[in-house]
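Below is one structure, written out as structure tokens; comments come after it.
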Ligand SMILES: C[S@@+](CC[C@H](N)C(=O)[O-])C[C@H]1O[C@@H](n2cnc3c(N)ncnc32)[C@H](O)[C@@H]1O
């Protein structure tokens with residue numbers, strides 16, 4: 001994967017101490033055209049990154065995950081299909097604001113993130129206040145966060161957090177494929193989603209914004 005031009009694999013220690021050189025410059029220096037950028041966090045094999053890039057050539061897409069073997073799959077597909085609007089970053093999401101500058105990102109997808117159900121792991125939830133505060137550094141105030149999950153606890157927790165902070169909600173359903181808004185997720189199914197569907201699980205979907213600058217509050221329950 002080191003030879004893939006569409007994968008950024010920064011050194012861990014470097015990311016700890018300084019911003020990546022592409023921060024704030026993805027359109028200018030990587031994609032070399034000015035288009036809105038969407039990121040998929042915890043992208044795994046990058047089904048949304050690649051799937052959305054196919055459907056929206058007028059936008060740019062960046063998938064981020066820490067697992068190289070998973071990113072490889074999406075990056076290889078994008079290269080095989082000569083997609084110039086796709087990139088992947090191998091990083092811990094905890095360091096994601098080393099890679100994107102203020103207002104650089106228009107939309108975020110969180111596709112089947114690990115639910116981190118145990119209370120002591122709740123700080124690791126990618127929809128928790130700690131992460132949303134990070135995303136705010138680079139997501140436009142008018143931008144959106146999309147959460148797709150099979151996990152009722154993560155869905156209920158995130159929806160409670162959204163309500164607690166009065167964040168605008170664009171869409172919400174606890175049973176996407178029985179709802180009339182399934183089209184909002186563009187008919188893309190990820191690897192994990194397909195596994196959960198095979199097990200007969202319902203898919204939950206929530207789309208919201210995180211405007212403002214004040215601290216994001218955690219919901220009391222969960
Ligand atoms: C359950 S998998 C879902 C993968 C893919 N989105 C899908 O739906 O098939 C969760 C993914 O998030 C990644 N992940 C979880 N926490 C992460 C973190 N803090 N930083 C980077 N990647 C993370 C894992 O490596 C894994 O690929």
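What follows is calculated from the coordinates using simple rules that are stated; it is not laboratory data. A quick note: this is a predicted structure, and the numbers were derived from the prediction, not measured. Note: ideal-geometry Cβ built from the backbone for every residue, glycine included; neighbour counts use all protein chains shown.
For the reader, a short list of remarks on this structure follows.
- Cα gyration tensor, the stretch 1-92 - rounded (a/c under 1.5), prolate or oblate: oblate
- For the peptides 113-125, 92-104, the ranking by packing is 92-104, 113-125, with the highest mean count of neighbouring Cβ atoms within 10 Å listed first.
- Exposure proxy shown here: for 3, 173, the number of other Cβ atoms within 10 Å sets the order, fewest to most, as 3, 173.
- Per-pair calculated FRET efficiency, R0 = 41 Å: residue 54 and residue 13 via Cβ, rounded to 0.05: 0.70
- In the chain, Cα pairs under 8 Å separated by at least six residues give a relative contact order of 20 percent.
- The value of relative contact order for the stretch 89-140, using C-alpha pairs under 8 Å at least six residues apart, is 54 percent.
- Principal semi-axes of the equivalent ellipsoid, √(5λ) from the alpha carbon gyration tensor of the chain, are 26, 21, 17 Å from largest down.
- When the helices of the chain are scored as -39500 (n - 2.57) per DSSP H run of n ≥ 4 and the total is divided over every residue, the value at 222 nm lands at -7000 deg cm²/dmol.
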